[in-house]
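**Q** Take a look at this one; I'll ask things after.
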Protein chains: 4
Amino acid sequence: MNGQKRLRDYFVNIGRLETGKYNSITDVEGVTVGHVTLSNKEMQTGVTAILPHQGNLFKEKLIASSHVINGFGKTMGTIQINELGTLETPIILTNTLSIGTAADALIEYMLELNPEIGLTTGTVNPIICECNDMLLNDVRARFVKKEHIFQAISNASPVFKEGTVGAGTGMLCYSLKGGIGTSSRMMQMEHGTYTMGVLVLSNFGILSDLMINGKPIGKELRDAILTSRQEEKDKGSIIIIAATDLPVSERQLNRIIKRSVTGLSRTGSIITTGSGEVVIGFSTATKIPHEKTSHCLSFSMIHEEDMDLAFRAIGEATEEAVLNSLVTATHVVGRDGNERPAFKDLIEEFNISLT
Amino acid sequence: MNGQKRLRDYFVNIGRLETGKYNSITDVEGVTVGHVTLSNKEMQTGVTAILPHQGNLFKEKLIASSHVINGFGKTMGTIQINELGTLETPIILTNTLSIGTAADALIEYMLELNPEIGLTTGTVNPIICECNDMLLNDVRARFVKKEHIFQAISNASPVFKEGTVGAGTGMLCYSLKGGIGTSSRMMQMEHGTYTMGVLVLSNFGILSDLMINGKPIGKELRDAILTSRQEEKDKGSIIIIAATDLPVSERQLNRIIKRSVTGLSRTGSIITTGSGEVVIGFSTATKIPHEKTSHCLSFSMIHEEDMDLAFRAIGEATEEAVLNSLVTATHVVGRDGNERPAFKDLIEEFNISLT
Amino acid sequence: MNGQKRLRDYFVNIGRLETGKYNSITDVEGVTVGHVTLSNKEMQTGVTAILPHQGNLFKEKLIASSHVINGFGKTMGTIQINELGTLETPIILTNTLSIGTAADALIEYMLELNPEIGLTTGTVNPIICECNDMLLNDVRARFVKKEHIFQAISNASPVFKEGTVGAGTGMLCYSLKGGIGTSSRMMQMEHGTYTMGVLVLSNFGILSDLMINGKPIGKELRDAILTSRQEEKDKGSIIIIAATDLPVSERQLNRIIKRSVTGLSRTGSIITTGSGEVVIGFSTATKIPHEKTSHCLSFSMIHEEDMDLAFRAIGEATEEAVLNSLVTATHVVGRDGNERPAFKDLIEEFNISLT
Amino acid sequence: MNGQKRLRDYFVNIGRLETGKYNSITDVEGVTVGHVTLSNKEMQTGVTAILPHQGNLFKEKLIASSHVINGFGKTMGTIQINELGTLETPIILTNTLSIGTAADALIEYMLELNPEIGLTTGTVNPIICECNDMLLNDVRARFVKKEHIFQAISNASPVFKEGTVGAGTGMLCYSLKGGIGTSSRMMQMEHGTYTMGVLVLSNFGILSDLMINGKPIGKELRDAILTSRQEEKDKGSIIIIAATDLPVSERQLNRIIKRSVTGLSRTGSIITTGSGEVVIGFSTATKIPHEKTSHCLSFSMIHEEDMDLAFRAIGEATEEAVLNSLVTATHVVGRDGNERPAFKDLIEEFNISLT
């Protein structure tokens, strides 16, 4: 979708379901993604914004759910998502020590759009997710400023880059360069055709665990390149954002997003202790009005027997999104000369077949 | 409703909302309750069955939720309620060591009603709740047999007894005799009038903690009667069943049933460690078909701003149901001559005013 | 402890356990509390910092736990507390829209104290709790700046004010002025004497629900003063911080802090929908080293049978802390002339007896 | 260990850690496993008992934890495990509709061993796990009787069979015959060498999803054999029992057992909707006395940085246990002539290489 060489361009197809048009989270109607990339020597970080729909999210909330795969992380806003089952702001991804700035900026953005917040109606619940890019980025410097959040939001578009970009600028994956990746799947049901889109911010894993479609590529690669470097004890994290237009209840959505771990596991993750692995999911099928209505809300949800297709879709899309983040990332030299190679360079250098 | 002297007959009114017609869980249309009482010397136990609606529950499930206030208990069936958000069997209450028998009986009952279970469709999730009546009952003898469960189900009726009856036969409350109690509240909303009904199986607390509508009756009473007896270290449990016809999602229902703890606390409970305190709630507003549908399910739920009334209703109804279990219970002498006085006898003997 | 007239000065004693020396969270050895109060016309807000011990918290973490009573709130940092069971920063309380600023400031504070964060060791998990003070405070103006957080931390002391102070400056309670309150209880066990301390930031409830030690003071008061004003639909929230020196595991601590709801309920709360009600607890009994040890950690925990005393202690201390926040608060006129009366002024004006 | 041809006999080694002596859950000192197999025409079911240690479990409890991967299941006893963090009975596995009988039998067994239960001390929390074997077994007939549970317990031994045995008699796996499987891993830490053992009752998956060490064997096999049969829509479940001698807190154990899903996913599971997938874990490192002690309990736990090895161990052991259940199972013809082929027969028939 974005001019980059992606996993399928290496002839690897994950799973059995069809992808959406762009094989991207933005295949879900209304979803857009924007990046701000801050890359210069010891500054290797950035911001990625996901806009769940193009209207006023605060006034027309979406059914949402969160799931913590591993909680060594600082993601903000999940308490309210869990309680109310709704999302009312864009989702911001950035580095761990910039969450305060990002929250403050997102609050400001929401206040401007909604002059009644804090005056005639209550407050707003900003969703900030993070991974720690301290190996390549001088995370203590907190390079991310409020304007970067505004900019990422205003950059949002159905077409966006993957890899070393936005919040993914300084992230690692399986000891290589990681970052942003995305993928999608179509779900054909009796009552309609739906889309499941996943975007990941990958920042986890050690090389020897990497598997591509079941193939232990990581082990091969480690044997090839470890004459010079010792294997790193990378820990890291992953943020998984799942979007769908499937009509689901909060409970159903929670069941679906939990299954992202199947795809994650199939890339080789053992979900290490030092990682914040958090999933945020939303459905665009129903809009929940902020203002109290005088009548009951009515909405649709799929029968529980329809769920398996959604489970398969999110597993496949997560697996492919992680691998897309890996194959699209570029070589980065950052803080203190720390670096991580690009998987795509190694593929070429060592003439590795991914299939 | 049942010829017994209840809390309101002592001129105590809990809260500010109106009760339903019977001030009972059965004010929720379709709900019925049946008891089997086994009372003879060291046998002081029984079974109480709650039928959530009068149709085939397996085929037309209800939206349901469970909440564990304290988990030192053996309630069965909540894993599936939490995952699927539905109830597909009656709810059986009995003593702790009879849960196996009760589960087996309820499975048998469901198999007979639904010949396709285990043949052409999956299995069934029996809901069994329990408290420990070992002080008054020889719980090791496991007096409850399968026919008692069948009988309790077939005894189910909109009108039923409270106090020393059914599963409540051998239970205690605030060091006095406890057992079954019920209460209900009406909820007037813009879009309709709804009912919240609560039934409790009370079996917890020490006398000096008992409060009635804020009045420290327990402390007074302890001072009056403790010349002869030392205060017991009762632990016990409580099972709270909440029924409503309010249209709610599983998440909303969960929020509502969690608030039962406000009423429980106001009777004086500190929620001791050795207690199984579990709430099961269901809504009769929507029936979820067992069989897969070719279309999406559509249903109604209230706006989140309507929730406060439901929160108030369940708190009030729980508080009153506990106190009803206390004032209706009768004096029991059971195992090894262990006994618990009836609160109503003490009220008379010591000329206590509850208001 | 602080020259203010507190609940016990009105001859109201909650519960049966002895209080600590100051009847304050700071009765737990090592705990200190600091405020910054921002009060001027439409600016009615502030910051309160709780320091769990006086050493380097990042290097010597405390066993901690969080519990969400109601999740319509934006408290940050609980995901990691739940996963790792430890606390590694002071706890900051402020208004809802200042959480980003507070998080950023707390991160900065931790970075300065620990130059290895983000360089040779991982990141840090800031704990920020909030309530919404928008009625009295122009919350949109976000008056809280980073220096206020630093100042609140450096103001921390064993003796501190309650009521209209720090994060409590603009908060409400039962339609009156609320804010900061504290209380403590001593726990005599066979193996030692321990302390349970609670600090609350109260911001919830409607007047007619207020109960003081079981007495329906709120209803009386409403009848007295409502000739002129209509009852407000206050929603609000409460933050409850619990400190103890009891040796407990994370699981045990979680069981304890859940019981704070019993005390909260006894002041009259129905836990309304629009409130963020969150409890954070920590135990000072064991320090968990940040750096990996070559041996196993060894620690102590109480037998589960000892828990009831802790359950009683936290219930009593929470109830009294809420009421202390109420009786110490002073009359505030804030944003747009909005005001909330001081309970203590009404007590005098209407000659109300709290006993 | 048991004379059966296991995965490693097909030259497939999962992961990188060493196995224990028997590559079995019983490599954890003190753990034993016993089966009762009921196999005759339409009766294809049974019981498997896991004894966590050889002393009196009720008096010397083990630290334990449970985790629900998917909750369409009827596992009993997890509420109390979650609340108290301890296990006090053997674990019984059987078919879904026999849980009542199994619970009743396990209660009876515990009552006999502990005459004080229900007299001078409280009750007991039986742990019963189940999968649905209705395809091969006439599950409605409930062939399992109380004596079968007693027998399975008394059959417990360090050496036991896998595959079509005990509770696994009628279970399926990836559309083939499944059942009982086990595996173990050694964990070398600075402070000692520990063992992680896993036992599974497999009953899930469709053939085309099956992967063996990353190889899509299921897809190949389906293409080979599906001339005659259409692919089944198997749903099913998995029960995962994890035993370790690692000193861990309840929270740490919970983190560990959650990682079993990585191994499960790598065999190809998408965790379908209609499955009860539940993990029960226990650590034999610390015994918690039933009776109240006058002093605090002291125990050891690993530093959080040691966890990754345990995460890797449980993932590998779970993956291999599932595959062991598959390769050891034998062809069964059961209810109504329904049958499931043995994977080992197909391997031979189609000359499939697993490596």
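The values are calculated or read from the model by the stated rules, or taken from the named source; none is laboratory data. All values reported here derive from a predicted model rather than from experimental measurement. In this analysis, Cβ positions are derived from the backbone assuming ideal geometry, glycine residues included, and neighbour counts consider all displayed protein chains. Just so you know, the surface numbers come from the protein's heavy atoms only, side chains and all, with ligands and any DNA or RNA stripped out. Shrake-Rupley method; radii C 1.70, N 1.55, O 1.52, S 1.80 Å.
**Q** Mind telling me which of C:GLU305, C:GLU147, C:GLU320 comes out most flexible in a GNM of chain C, alpha-carbon contacts under 10 Å?
**A** C:GLU305
**Q** Percent of accessible area on segment A:103-151 owned by carbon and sulfur, 1.4 Å probe? The partial results should precede the final answer.
**A** Working: 840 of 1530 Å².
Ligands and nucleic acids excluded, carbon and sulfur give 55 percent.
**Q** Shifting gears a bit: Write down the percent of antiparallel bridges among all DSSP beta bridges whose residues are both part of segment C:47-176, to the nearest 5. Before the final figure, lay out the partial values.
**A** Details: 7 of 13 bridges.
Antiparallel bridges: around 55 percent, rounded to the nearest 5.
**Q** Can you sort B:GLU112, A:GLU88 by solvent-accessible area, 1.4 Å probe, largest first? Intermediate results must be reported in sequence, preceding the final value.
**A** Values: B:GLU112 140, A:GLU88 15 Å².
These residues rank, largest area first, as B:GLU112, A:GLU88.
**Q** So what's the back-of-envelope 222 nm ellipticity for chain D, counting only DSSP H runs of four-plus at -39500 (n - 2.57) apiece and dividing by all residues, rounded to 500?
**A** Result for chain D, helices only: -7000 deg cm²/dmol.
**Q** Quick one: how many Å² of D:GLU42 are accessible to a 1.4 Å probe, rounded to 10?
**A** Taking all protein chains as shown, D:GLU42 has close to 80 Å².
**Q** Over all directions, the average projected area of the alpha-carbon convex hull for segment A:161-224 comes to how many nm²? All intermediate terms of the calculation are to be shown ahead of the outcome.
**A** On the way: hull surface 22.8 nm².
Reported value for the Cα convex hull: 5.7 nm².
**Q** Sorted from shortest, what are the nm distances separating the label point of D:LYS59 from equivalent points in the other copies, each placed 7 Å from Cα along Cα to C-beta?
**A** List, nearest first: 4.7, 5.4, 7.1 nm.
**Q** Using the Kirkwood radius over C-alpha pairs as Rh, can you work out the diffusion coefficient of segment C:1-144 via Stokes-Einstein at 4 °C, viscosity 1.567 mPa s, in µm² per second? Numbers along the way, then the final one.
**A** Details: Rh = 17.2 Å.
For these conditions, the coefficient is 75 µm²/s.
**Q** Also: Any idea what angle helix A:307-328 forms with the longest principal axis of chain A, computed on alpha-carbon atoms, 0 to 90 degrees, nearest 10?
**A** 50 degrees
**Q** Normalising by the residue count of chain B, find the relative contact order in percent from Cα pairs under 8 Å and 6+ residues apart.
**A** 26 percent
**Q** If you build a Gaussian network model of chain C, linking Cα atoms that sit under 10 Å apart, which residue out of C:SER269, C:SER24, C:SER175 swings the most?
**A** Of C:SER269, C:SER24, C:SER175, the Gaussian network model singles out C:SER269 as fluctuating most.
**Q** Using a 1.4 Å probe over the heavy atoms of the protein chains, calculate the carbon and sulfur portion of the accessible area of segment B:213-311 as a whole percent. Don't skip to the end; give the middle numbers.
**A** On the way: 1420 of 2860 Å².
Taking all protein chains in place, segment B:213-311 shows 50 percent carbon and sulfur surface.
**Q** Can you give the % of DSSP beta bridges in chain C that are antiparallel, to the nearest 5?
**A** On the way: 52 of 65 bridges.
Beta bridges within chain C, antiparallel portion: roughly 80 percent.
**Q** Compute the long axis of helix C:99-113 from its Cα atoms, compare it with the longest principal axis of the Cα atoms of chain C, and write down the angle in degrees, 0 to 90, nearest 10.
**A** Helix C:99-113 and the main axis of chain C meet at about 40 degrees.
**Q** Between their Cα atoms, which of A:LYS146/B:LYS258; A:LYS145/A:LYS235; B:LYS233/C:LYS61; D:LYS74/D:LYS287 are more than 32 Å away from each other? List each step's numbers first, then the result.
**A** On the way: A:LYS146/B:LYS258 39 Å; A:LYS145/A:LYS235 26 Å; B:LYS233/C:LYS61 36 Å; D:LYS74/D:LYS287 28 Å.
Too far apart for the 32 Å limit: A:LYS146/B:LYS258; B:LYS233/C:LYS61.
**Q** May I have the extent of the alpha carbons of chain A along their three principal axes, as whole Å values ordered from largest to smallest?
**A** Per principal axis, max minus min of the Cα coordinates gives 70, 48, 35 Å.
**Q** Before I look further, what does segment C:77-119 give for accessible area per residue, probe 1.4 Å, in whole square angstrom?
**A** On the way: 790 Å² over 43 residues.
In whole numbers, segment C:77-119 has 18 Å² accessible per residue.
**Q** If the label for C:GLU339 sits 7 angstrom from Cα along the Cα-to-Cβ line, what are its distances to the same label in every other copy, in nm to one decimal, shortest first?
**A** Ordered by distance, the counterparts are at 6.2, 7.0, 9.0 nm.
**Q** Taking all pairs of different Cα atoms in segment B:79-142, averaging 1/r and flipping that mean, what Kirkwood radius in angstroms comes out? Intermediate values should be presented prior to the final figure.
**A** Values: mean 1/r = 0.0765 Å⁻¹.
13.1 Å is the Kirkwood radius here.
**Q** So, one more: What whole-number distance in Å separates the alpha-carbon centres of segment A:126-196 and segment D:84-106?
**A** If you average the Cα positions of each part, the centres end up 46 Å apart.
**Q** Further question on the same structure: Note down the nm distance, to one decimal, between modelled labels 7 Å out along Cα→Cβ at B:LYS41 and at B:ASP223.
**A** 4.2 nm
**Q** Hey, in the GNM for chain A with a 10 angstrom Cα cutoff, which one of A:ASP27, A:ASP336, A:ASP223 fluctuates hardest?
**A** The residue that fluctuates most here is A:ASP223.
**Q** For segment A:260-355, compute Rh as the Kirkwood radius over C-alpha pairs and then the Stokes-Einstein diffusion coefficient at 25 °C and 0.890 mPa s; write the answer in µm²/s, rounded to an integer. Spell out each step's value before the answer.
**A** Details: Rh = 17.7 Å.
Stokes-Einstein gives a translational diffusion coefficient of 139 µm²/s.
**Q** Compute the distance in nm between two label points, each set 7 Å from the Cα along the Cα-to-Cβ direction, one at B:ARG8 and one at D:GLU190.
**A** Between B:ARG8 and D:GLU190, the simple spin-label model gives 6.8 nm.
**Q** For segment D:119-200, restrict the atom set to alpha-carbon positions and state the Rg and Dmax in Å.
**A** 17.1, 53
**Q** In percent, what relative contact order does segment C:159-212 have, based on Cα pairs under 8 Å that are 6 or more apart in sequence? Intermediate values should be presented prior to the final figure.
**A** Numbers: 99 pairs, mean separation 18.7, N = 54.
For segment C:159-212, the relative contact order is 35 percent.
**Q** If the label for D:LEU113 sits 7 angstrom from Cα along the Cα-to-Cβ line, what are its distances to the same label in every other copy, in nm to one decimal, shortest first?
**A** 3.6, 4.8, 5.9
**Q** Next question. Show which aspartates and glutamates lie in cross-link reach of D:LYS219 when reach means a straight Cα distance below 15 angstrom and same-chain residues fewer than eight apart are skipped.
**A** In chain and number order, the partners are D:ASP209, D:GLU231, D:GLU232.
**Q** For segment C:175-277, what D do you get in µm² per second when you plug the Kirkwood radius from alpha-carbon pairs into Stokes-Einstein at 25 °C and 0.890 mPa s? Please report the intermediate quantities before stating the final value.
**A** Working: Rh = 15.4 Å.
In µm²/s, the coefficient is 159.
**Q** Ignoring ligands, DNA and RNA, how much accessible area is buried between chains B and D, both sides summed, with a 1.4 Å probe, to the nearest 100 Å²? All intermediate terms of the calculation are to be shown ahead of the outcome.
**A** Details: alone 14500 and 14500 Å², together 25380 Å².
Its buried surface, counting both partners, is about 3600 Å².
**Q** When you take every Cα atom in the protein assembly as shown, what is the radius of gyration, and what is Dmax, the widest Cα pair distance, in Å?
**A** Computed over the Cα atoms of the protein assembly as shown, radius of gyration and Dmax are 30.2, 94 Å.
**Q** Taking A:LYS41 as the anchor, which aspartates and glutamates have their alpha carbon closer than 12 Å to its alpha carbon, excluding any fewer than eight residues away along the same chain?
**A** Cα-Cα hits under 12 Å: A:ASP138, A:ASP336, A:GLU339.
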